[in-house]
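Written below as structure tokens is the structure these notes are about.
The values are calculated or read from the model by the stated rules, or taken from the named source; none is laboratory data. Computed from a predicted structure; not experimentally measured. Reconstructed Cβ throughout: ideal geometry from the backbone, glycine too, with neighbour counts over all protein chains shown.
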There are 2 protein chains.
Amino acid sequence: MEQVKIIIVGFGTVGRGLAEVIKRKKDHVKEELGLDIRLVGVADLRGAMVDADGLDIDDALEWKCEIRDIDSLQLIREGEYDLMVETTPSNVETGEPAFTHIKEALMRGKHVVTSNKGPLALYYRELTDLAARSGCSLKFEATVGGAMPIINLIRNNLAGNRILSIKGIFNGTCNYILTRMTEEGLPYSYVLSEAQSLGIAEADPSYDVDGIDTAEKLTILANAVLGMDVAYNSVAVEGIRRITPDALRLALDKGYVIKLIGEAREGKIEVAPRLIPKDHPFALMRGTLNIAEIEADLAGPITVMGRGAGAIEAASAIFSDIISIYR
Amino acid sequence: MEQVKIIIVGFGTVGRGLAEVIKRKKDHVKEELGLDIRLVGVADLRGAMVDADGLDIDDALEWKCEIRDIDSLQLIREGEYDLMVETTPSNVETGEPAFTHIKEALMRGKHVVTSNKGPLALYYRELTDLAARSGCSLKFEATVGGAMPIINLIRNNLAGNRILSIKGIFNGTCNYILTRMTEEGLPYSYVLSEAQSLGIAEADPSYDVDGIDTAEKLTILANAVLGMDVAYNSVAVEGIRRITPDALRLALDKGYVIKLIGEAREGKIEVAPRLIPKDHPFALMRGTLNIAEIEADLAGPITVMGRGAGAIEAASAIFSDIISIYR
């Protein structure tokens with residue numbers, strides 16, 4: 001029985017979702033895969049909970065374990081663990097604190113699994129080179145598309161294929177807003193407020209509605225599976241703020257809907273609202289679903305769709321990444 | 001550089017497609033993955049071509065290499081190779097000759113990759129147990145959905161998830177016939193003839209139109225990724241022969257199309273024509289595309305679509321299986 005000691009750095013929605021998944025699945029994974037997964041540490045701004053034999057997850061979720069006065073960096077540097085899961089809030093300008101966390105863990109020979117887009121969109125080569133030099137895995141399926149399989153899908157199931165392009169809907173908030181505007185003929189500002197009150201959009205929605213989130217995901221995909229070497233700030237980005245109910249109605253009359261589409265291929269990496277024919281799979285994506293169309297040289301066109309957000313969905317992607325490292 | 005000596009048994013459309021893919025991709029795979037893939041033997045009813053250093057693939061495709069008077073079984077038993085690709089014609093009644101070929105290769109400690117549904121639909125446990133006892137891999141992504149990723153997708157990318165159900169369109173021939181009947185209002189017999197003359201349907205179409213092919217694929221999925229232990233002949237099967245243009249038109253008037261759907265979940269495994277709402281992704285599948293909706297306990301609903309048939313598409317799935325064994 002192989003033991004896998006895990007620490008979670010950043011204990012917000014996704015980190016807590018993962019703790020929940022570990023609790024639900026640990027016996028199953030022991031039996032089926034011979035992996036003894038233990039959560040031995042958790043850290044966020046409140047401090048850290050540590051137990052080398054494995055924390056009681058119910059207690060950890062309620063911060064009822066003994067809380068030590070050490071910060072995330074100390075846990076990463078001094079903790080006894082095999083794998084760090086990094087789920088602190090993403091920062092698209094600096095990549096911090098995740099960038100430092102990931103480097104510190106990799107330099108110590110620890111595997112890293114993350115859902116944090118910032119550091120990968122900004123420092124993809126640096127981080128993957130460091131992982132390679134350290135002989136460690138750095139996995140990040142959850143950074144793109146939540147539970148929708150895409151990075152590992154291309155790397156494993158389409159191994160041997162050259163990926164010619166990836167095109168899709170990668171932001172559930174924009175998709176929710178555009179769907180509501182189209183179906184109800186409502187203006188952007190009204191639907192945005194509605195989405196904010198439902199928790200689908202943030203108080204400051206710019207990260208989603210200006211296409212930044214989609215651009216980050218595209219940058220990660222371009223580097224990770226399209227063999228490109230692109231910087232996040234080289235993506236041409238247009239968001240959805242200026243789309244009017246009139247434009248949507250006009251499109252609909254002609255048999256189209258408007259979706260915020262991210263597309264990456266050699267020589268082009270772009271986020272923009274686009275007209276999509278009503279009988280195209282992209283047009284069916286309502287609410288917060290994500291979809292991606294992958295064009296591969298041997299397999300041809302492959303389309304995947306799934307829930308782009310959600311704590312358990314992201315945790316599912318992280319959990320599969322963890323398992324794949326040890327299998 | 002790891003050397004991988006491959007033999008292909010059954011050198012029809014798919015086997016030849018794989019030889020083509022090996023030719024196109026061998027340098028790439030050498031550079032990127034450090035795998036030196038060599039085709040060292042090919043056998044079908046015409047005899048065998050063998051070269052321990054690697055056959056010239058262009059010559060092999062035209063049967064211009066030296067042809068030896070040995071049969072497939074002799075090549076499998078006496079050949080020097082690491083991995084057998086089995087692509088003989090599938091037989092749903094006996095699983096032969098593939099069943100014997102696969103057993104003979106596994107017993108000799110050779111890995112096996114196959115696109116052959118018969119033996120897996122009939123003898124799933126026997127073959128996977130034998131592979132486990134021999135310490136060999138038995139991979140069969142190409143048996144279901146051609147280039148559409150599904151088996152490895154679930155095993156790798158959804159690792160840790162319990163799969164609650166799989167539902168989809170798994171037969172391109174039926175889907176082509178139903179699409180044409182719906183769009184043109186043409187009767188079954190007319191469209192069948194058309195499909196036959198286009199090479200989309202076989203001279204004896206029963207394997208496709210009676211749902212047998214879909215039932216075989218469902219059986220493989222149920223055993224391989226749903227944790228069920230089902231026999232092929234326990235699938236409830238209804239085909240598409242009795243569907244009339246009137247039924248399709250009536251459905252269309254009510255906002256539905258009719259598709260041949262295979263569905264597997266605990267306690268139910270069934271192939272039947274079903275009404276699908278026009279705005280469901282299944283309804284968009286025209287021609288020979290395949291689609292599958294997977295319901296997973298953590299990831300939620302995941303949908304995949306891709307080309308369900310084609311020599312290069314099937315070869316792509318086989319090629320990815322080969323790479324995954326050595327990575």
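For the reader, a short list of remarks on this structure follows.
- Those residues of the range B:294-314 which are buried (at least 24 other Cβ atoms within 10 Å of the Cβ), facing chain A (nearest Cβ under 7 Å) and either of a type in the set (Gly, Ala, Ser) or within 11 Å of A:Ala147 (Cα to Cα) (or both), in sequence order: B:Ala299, B:Ile302, B:Gly306
- Qualifying residue in the range A:122-130 (condition: among the acidic types (Asp, Glu) and farther than 30 Å from B:Ala142 by Cα): yes
- Scan of the range B:137-149 for residues that are facing chain A (nearest Cβ under 9 Å) and not charged (D, E, K, R), ordered by number: B:Gly146, B:Ala147, B:Met148, B:Pro149
- Of the residues screened, B:Arg77 is one that is more than 23 Å from the chain's Cα centre (by Cα), within 23 Å of B:Cys136 (Cβ to Cβ), surrounded by fewer than 21 Cβ atoms within 10 Å (Cβ to Cβ) and of a type in the set (Lys, Arg).
- From B:Leu192, B:Leu120, residue being within 23 Å of B:Val257 (Cβ to Cβ), out of contact with any Cys (no Cβ under 7 Å at 6 or more places or on another chain) and of a type in the set (A, V, I, L, M): B:Leu192
- When restricted to residues that are touching a strand residue (DSSP E or B) at 6+ places or on another chain (Cβ under 7 Å), away from chain B (no Cβ under 12 Å) and buried (at least 17 other Cβ atoms within 10 Å of the Cβ), the range A:16-37 contains 1.
- Conditions (1) under 22 Å from B:Asp297 (Cα atoms); (2) modelled with pLDDT of 95 or more; number of the one not met by A:Lys5: (1)
- Looking across B:Leu45, B:Leu73, B:Leu35, one residue alone is closer than 18 Å to B:Ile318 by Cβ and not assigned by TED's automatic domain parsing to the domain that holds B:Ala215. It is B:Leu35.
- Residue within the range A:266-275 that is in contact with a Phe, Trp or Tyr (Cβ under 8 Å, 6 or more places away or on another chain), of a type outside the set (Asp, Glu), surrounded by fewer than 22 Cβ atoms within 10 Å (Cβ to Cβ) and more than 12 Å from chain B (Cβ to nearest Cβ) present: yes
- Count of the range A:116-137 residues which are over 22 Å from A:Val9 (Cα atoms) and touching a residue at least 40 places away in the same chain (Cβ under 8 Å): 1
- Test for B:Gly12: is it touching a residue at least 40 places away in the same chain (Cβ under 8 Å) and either surrounded by fewer than 15 Cβ atoms within 10 Å (Cβ to Cβ) or polar (S, T, N, Q) (or both): yes
- Complete set of residues in the range B:15-45 that are of a type in the set (Lys, Arg) and in contact (Cβ under 8 Å) with a residue 24 or more places away in the chain: B:Arg16, B:Lys23, B:Lys25, B:Lys30, B:Arg38
This table checks each residue for (1) aromatic (Phe, Trp, Tyr); (2) more than 28 Å from A:Lys278 (Cβ to Cβ); (3) under 17 Å from the mean Cα position of the chain (by Cα).
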| site | (1), (2), (3) |
| --- | --- |
| B:Leu260 | no, no, no |
| B:Phe282 | yes, no, no |
| B:Thr288 | no, no, yes |
| B:Asp321 | no, yes, yes |
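- Elements of the type helices (runs of 4 or more DSSP H) sitting completely within the range B:138-218 and holding at least 3 residues that are within 20 Å of the chain's Cα centre (by Cα), farther than 30 Å from A:Ala314 by Cα and touching a residue at least 60 places away in the same chain (Cβ under 8 Å): these cover B:172-184.
- Test for B:Asn233: is it within 28 Å of B:Asn116 (Cβ to Cβ) and either in a strand (DSSP E or B) or in contact with a strand residue (DSSP E or B) (Cβ under 6 Å, 6 or more places away or on another chain) (or both): no
- Unmet criterion (only one of (1) aromatic (Phe, Trp, Tyr); (2) away from chain B (no Cβ under 14 Å); (3) within 21 Å of B:Ile154 (Cα to Cα)) for A:Phe319: (2)
- Within the range B:87-115, residues that are in the same structural domain as B:Asp129 (by TED's automatic domain parsing) and assigned to a loop (DSSP other than H, G, I, E, B) sit with their Cβ atoms under 8 Å from residues that are of a type in the set (Lys, Arg) and at pLDDT 95 or above, at 6+ positions apart or across chains, in these pairs: B:Ser90/B:Lys117; B:Val92/B:Lys117; B:Arg108/B:Arg77.
- Test: A:Met84 is in a strand (DSSP E or B), touching a Cys at 6+ places or on another chain (Cβ under 8 Å) and not assigned by TED's automatic domain parsing to the domain that holds A:Ala231: no
- Residue that is modelled with the highest pLDDT, among those in the range B:273-327 that are polar (S, T, N, Q) and closer than 21 Å to B:Ala201 by Cα: B:Asn290
- Selection count where residues are assigned to a strand (DSSP E or B), more than 9 Å from chain B (Cβ to nearest Cβ) and surrounded by 20 or more Cβ atoms within 10 Å (Cβ to Cβ), scope the range A:277-292: 2
- Candidates A:Leu130, A:Leu138, A:Leu218, A:Leu178 - the one that is outside the structural domain of A:His101 (by TED's automatic domain parsing) and either among the basic types (Lys, Arg) or more than 18 Å from A:Glu93 (Cβ to Cβ) (or both): A:Leu178
- The range B:274-326, subset hydroxyl-bearing (Ser, Thr, Tyr) and in contact (Cβ under 8 Å) with a residue 24 or more places away in the chain, residue farthest from A:Ala311 (Cα to Cα): B:Thr288
- With respect to the conditions (1) away from chain B (no Cβ under 12 Å); (2) touching a helix residue (DSSP H, G or I) at 6+ places or on another chain (Cβ under 9 Å); (3) farther than 30 Å from B:Ile154 by Cβ, A:Asn223 falls short on a single one, namely (3).
Yes/no matrix, rows are residues, columns are (1) modelled with pLDDT under 95; (2) under 23 Å from B:Ala309 (Cα atoms); (3) surrounded by 24 or more Cβ atoms within 10 Å (Cβ to Cβ); (4) of a type outside the set (D, E, K, R):
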| position | (1), (2), (3), (4) |
| --- | --- |
| B:Ile166 | no, yes, yes, yes |
| B:Asn171 | no, yes, yes, yes |
| B:Ser189 | no, yes, no, yes |
| B:Leu192 | no, yes, no, yes |
| B:Gly199 | yes, yes, no, yes |
| B:Asp213 | no, yes, yes, no |
| B:Val230 | yes, no, no, yes |
| B:Ile243 | no, no, no, yes |
| B:Ala247 | no, no, no, yes |
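- When each of B:Thr128, B:Thr88 is tested for being away from chain A (no Cβ under 14 Å), at pLDDT 95 or above, out of contact with any Asp or Glu (no Cβ under 6 Å at 6 or more places or on another chain) and surrounded by 17 or more Cβ atoms within 10 Å (Cβ to Cβ), the lone residue that passes is B:Thr88.
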